[in-house]
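Okay, so here's the structure we're looking at.
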Amino acid sequence: MSEKYDLVIIGGGPGGMAAGIYAARSKLKTVILEEKPNQGGQCYITEEIENYPGFPESSGPALTEAFQKHAEKFGVEFKRARAEKIELVPNSPTRIVHGSDGVKYECLAVVVATGASARELGCKGEKEHWGKGVSYCATCDGAFFEECEIVVIGGGDSAVEEAMYLTKFADKVTIVHRRDELRAAKSIQDKAFANPKMAFKWNAVVEEVCGEGLVDSVILKDTKTGETSKFDTEGVFVFIGHNPQTAFIQGLVDLDENGYILTNGRMETNVPGIYGVGDVIQKESRQVVTAAADGALAGIWAGHYIDDIKAKMAMNK
C-alpha cells in the first residue's frame, strides 16, 4: 500500500509541526508521521513552559494542541506511524518513507524531526520524580528552583554550563561527578570554581532519588569505596548527554560522532530532498522555540526544492 505526498515529516514535535505549517501554507500536500499517541515530542511531556514567545504561562500539552490545530487549519495530515526507513528511488527525485503501519509514503522531500531523548541515570526513583524535582533542562525549569539547593549530575561542558546557569536561581548548586575532575573545558571549569554558589561532590554517582511526592534528597554512592550516603537536595538536574533518534537513517545522511544529523543553514542534509530539524540535528541549543525556527526554515526551503522539481517534471513532459 502506498500514498503520495509532496512532503513527509517524520516526528510531530514543534519542529515537525512548524515545518508542516510552512509547507502546507505553500499548498504542498503534507503529512506528519508520529508514532506516539500524542504530538509534541518532549514538549508534550513538559508540565510548565514559560519561555515560548507569546505564551508566558503555558504547558507542554496546551502548546502542542495549539501547534496541531494550526497545522490542521492549513491541511496538514497526521498519521500514527513510525518511520522505519527512507528509500531513495534510483534516477528519480522520489523518496519513499516506509511506515510501521505498512504504508509506503511516496514524496519529493522528507523532514526528519525525530528528536533526541535525554539520557537518564537509570536509578531508583528517577522516573517517579520526573517533573517533581528531576529535570533534564535548566532553561526550561531553572526558574522553579529559586532559593533552593539543588544538584547537577555530570561533568562535561553542558553539565557545568547548565549548573552555572542554575546559580541564577538556586542558592547552591552542587555538581555530582563520578570522577575526581571535570571533563569540561578548562575555561568553563575556571568559571565554575570561581562561582561562590557552586560546590562539588567528587567520585560519586546517584543510586536513588528520594522524596514523598517532591524530591528531598538523593542517595550517593562513592565510586572508590562503595559507601553510600544521603544528600539533601530540592532538585536533581541530569546532564549526561542525549540520544538522537537517528538509527533508521544511519548510512543514508551524514551524522556527527554522536549520531546527530548534520545540516546547513537551510536545514538541508547532504542528501537532496532530506532535511533535519529540532533536537535531532547537531546544534548548540535545544528549545521549543529553536525547534520551531528550524521547522520554519525546513518548510520554506523544502517548498522551494519541491517547486523546482515539479517545474522540471512539467518541462520534461
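The values are calculated or read from the model by the stated rules, or taken from the named source; none is laboratory data. Keep in mind that what you see is a predicted model, and the values were worked out from it rather than measured. With ideal geometry, Cβ positions are generated from the backbone for all residues, glycine too; neighbour counts draw on all protein chains shown. Surface areas here come from the heavy atoms of the whole protein model, side chains and all, with no ligands, DNA or RNA. Shrake-Rupley method; radii C 1.70, N 1.55, O 1.52, S 1.80 Å.
Every listed requirement among (1) open to solvent by less than 20 Å² (accessible area, probe 1.4 Å); (2) closer than 18 Å to residue 119 by Cβ is met by residue 157 save one, (1).
Condition first: out of contact with any Cys (no Cβ under 9 Å at 6 or more places or on another chain) and open to solvent by less than 20 Å² (accessible area, probe 1.4 Å). Can you find one or more residues in region 87-94 that meet it? Break it down stepwise before answering.
Kept after step one, since they are out of contact with any Cys (no Cβ under 9 Å at 6 or more places or on another chain), are these residues of region 87-94: 87-93.
Next, from what is left, pick out any that are open to solvent by less than 20 Å² (accessible area, probe 1.4 Å): none.
No, because not a single residue in region 87-94 is out of contact with any Cys (no Cβ under 9 Å at 6 or more places or on another chain) and open to solvent by less than 20 Å² (accessible area, probe 1.4 Å).
Exactly one residue out of 65, 84, 77 is among the acidic types (Asp, Glu), in contact with a strand residue (DSSP E or B) (Cβ under 8 Å, 6 or more places away or on another chain) and open to solvent by 90 Å² or more (accessible area, probe 1.4 Å), and it is 84. Is it the case that region 220-240 has a residue that's free of Cβ contacts under 8 Å to residues at least 40 places away in the same chain, among the hydrophobic types (A, V, I, L, M, F, W, C) and open to solvent by 20 Å² or more (accessible area, probe 1.4 Å)? Taking every residue of region 220-240 in turn, none turns out to be free of Cβ contacts under 8 Å to residues at least 40 places away in the same chain, among the hydrophobic types (A, V, I, L, M, F, W, C) and open to solvent by 20 Å² or more (accessible area, probe 1.4 Å). Taking the criterion of being of a type in the set (S, T, N, Q) and more than 17 Å from residue 123 (Cβ to Cβ), the residues of region 184-239 that qualify are 187, 189, 195, 225. Within region 1-59, being part of a loop (DSSP other than H, G, I, E, B), acidic (Asp, Glu) and modelled with pLDDT of 90 or more holds for 6, 34, 35. Comparison of 176, 152 shows that the only residue that is crowded, with 23+ Cβ neighbours inside 10 Å, hydrophobic (A, V, I, L, M, F, W, C) and farther than 18 Å from residue 214 by Cβ is 176. Residues considered: 268, 227. Of these, the only one that is at pLDDT 95 or above, acidic (Asp, Glu) and closer than 23 Å to residue 115 by Cα is 268. For region 95-128, the set of residues classified as part of a strand (DSSP E or B) and open to solvent by 60 Å² or more (accessible area, probe 1.4 Å) consists of 104, 124, listed by residue number. Of the numbered criteria (1) touching a residue at least 40 places away in the same chain (Cβ under 8 Å); (2) open to solvent by 40 Å² or more (accessible area, probe 1.4 Å), the one residue 168 fails is (1).
Filtered by the rule that a residue be aromatic (Phe, Trp, Tyr) and either without any contact (Cβ under 8 Å) to a residue 24 or more places away in the chain or under 16 Å from residue 115 (Cα atoms) (or both), region 40-87 gives 44, 55. Residue count for region 241-260, restricted to those that are in contact with a Phe, Trp or Tyr (Cβ under 9 Å, 6 or more places away or on another chain), open to solvent by less than 40 Å² (accessible area, probe 1.4 Å) and outside any loop (DSSP other than H, G, I, E, B): 1. Taking the criterion of being of a type in the set (Phe, Trp, Tyr) and open to solvent by 90 Å² or more (accessible area, probe 1.4 Å), the only residue of region 179-201 that qualifies is 193.
The selection criterion, being under 17 Å from residue 136 (Cβ atoms), in a helix (DSSP H, G or I) and in contact (Cβ under 8 Å) with a residue 12 or more places away in the chain, does not hold for residue 294. Only a single criterion out of (1) open to solvent by 30 Å² or more (accessible area, probe 1.4 Å); (2) touching a helix residue (DSSP H, G or I) at 6+ places or on another chain (Cβ under 9 Å) is not satisfied by residue 274, namely (1).
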